[in-house]
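Undergrad: There's a structure below that I have some questions on.
Readers should treat all values here as calculations from the given coordinates under stated rules, not as data from a laboratory. All of these numbers come straight from a predicted model, not from anything done at the bench. Neighbour counts run over all protein chains shown; Cβ positions are idealised from the backbone, glycine included.
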Amino acid sequence: KVIAGGTFNTVGAANQANLARFNPDGSRDTTFNPTIVGSVYAIALQRDGKIVIGGSITQVNGFLVTKLARLNPDGTKDHIFDASPNGGDVQEILLQTDGKFLIRGTFSTVNNQSRPLLARIMDNGQSLDTGFSPTFSNAMPSVTSITGMLLQQDGKVLVGGNFNNVSGIPKQNIVRLNAEGAVDTAFTATASHAVTAFAE
């Protein structure tokens, strides 16, 4: 089956907003009908079938959330999960093999701790990984952004965007982070303008 998110409000002839699941033939999975308030920009499927969604989301099935939520496979809200990015939207989610996951977007804090643009959430879905805290800056702060990520098999993370400094080290729009979040200084690529996508 396929899960799709976005800004829609109907699926076929049915009223269903922002998140839907489709059967292999493309028909709507009528057993999956969560009520999502806010656009869904990112989806990640856990090995246990739970679904992590991010975006401008403010409610799931009538419960308040802040930009990020996790659903059980049947579409009900996972109430254990309560990570809360704030100050902007979540635009991408990458699941790690250890159950932790990376989020990027336009947010400035996570769980009331400063984490502009990029953060890592622990596998419990509640705690911020406080050891992972790279910072991104630009000569023009108003345009600093992260617009793409790639999680490599060794746990390192490629990050692209509009920045010229990462954690105090000059890096022009592309950087590779070690698994713990420090800049991998052996990776020396640069780009003249924003990097938005990766493939490996």
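Undergrad: First check a/c for region 118-163, with a ≥ b ≥ c the square roots of the eigenvalues of its C-alpha gyration tensor; if it is under 1.5, answer rounded, and if not, answer prolate when a/b is larger than b/c or oblate otherwise.
TA: Details: a/c = 2.70, a/b = 1.55, b/c = 1.74.
Oblate.
Undergrad: May I pose another question? Between residue 197 and residue 76, what length in nm is gained on full extension when 0.36 nm per residue of separation is reduced by their alpha carbon distance? List each step's numbers first, then the result.
TA: Values: separation 121, 0.36 × 121 = 43.56 nm, distance 3.20 nm.
Contour length minus the Cα-Cα distance gives 40.4 nm.
Undergrad: Charges only on Cβ, +1 for Lys and Arg, -1 for Asp and Glu: so what's the dipole of the chain about the Cα centre, in debye to the nearest 20?
TA: Details: 15 positive and 15 negative charges, 47 e Å.
It works out to roughly 220 debye.
Undergrad: Below 15 angstrom from the Cβ of residue 145, what's the summed charge of the other residues (Lys, Arg +1; Asp, Glu -1)? Could you put the intermediate results ahead of the total?
TA: Details: positive: 104, 115, 171; negative: 89, 92.
Summing Lys and Arg as +1 and Asp and Glu as -1 gives +1.
Undergrad: Still on this structure: Identify all lysines with a Cα-Cα distance to residue 171 below 30 Å; exclude those on the same chain that are fewer than 8 residues away in sequence.
TA: 67, 100, 156
Undergrad: How many nm separate the modelled label positions at residue 48 and residue 4, each set 7 Å beyond the Cα in the direction of the Cβ?
TA: Calculated label separation equals 2.9 nm.
Undergrad: Now, a different point. Pick out, in residue order, every one of the trypsin sites (Lys or Arg not before Pro) in region 115-188 that is DSSP loop and has at most 16 other C-beta atoms within 10 Å; say none if there are none.
TA: Within region 115-188, the qualifying trypsin sites (Lys or Arg not before Pro) (loop, at most 16 other Cβ atoms within 10 Å) are 156.
Undergrad: In addition: Once label points are set 7 Å from the Cα along Cα→Cβ at both residue 123 and residue 106, what is their separation, rounded to one decimal in nm?
TA: Between residue 123 and residue 106, the label points sit 3.4 nm apart.
Undergrad: Can you tell me how much longer the chain between residue 142 and residue 172 gets when fully stretched, taken as 0.36 nm per residue apart minus their C-alpha distance, in nm with one decimal?
TA: Values: separation 30, 0.36 × 30 = 10.80 nm, distance 1.61 nm.
Stretched fully, the residue 142-residue 172 segment lengthens by 9.2 nm.
Undergrad: Which residue, chosen from 149, 37, 190, occupies the Cα position most advanced towards the positive end of the dipole of the chain, where the dipole is computed from +1 (Lys, Arg) and -1 (Asp, Glu) charges on Cβ about the Cα centre?
TA: The Cα lying farthest towards the positive end belongs to 37.
Undergrad: For the chain, set up a GNM with springs between Cα atoms under 10 Å and report which of 75, 26, 125 has the largest fluctuation.
TA: 26
Undergrad: Divide the volume of the convex hull of the Cα atoms of the chain by its number of residues and quote the answer in cubic angstrom per residue.
TA: Here the figure is 128 Å³ per residue.
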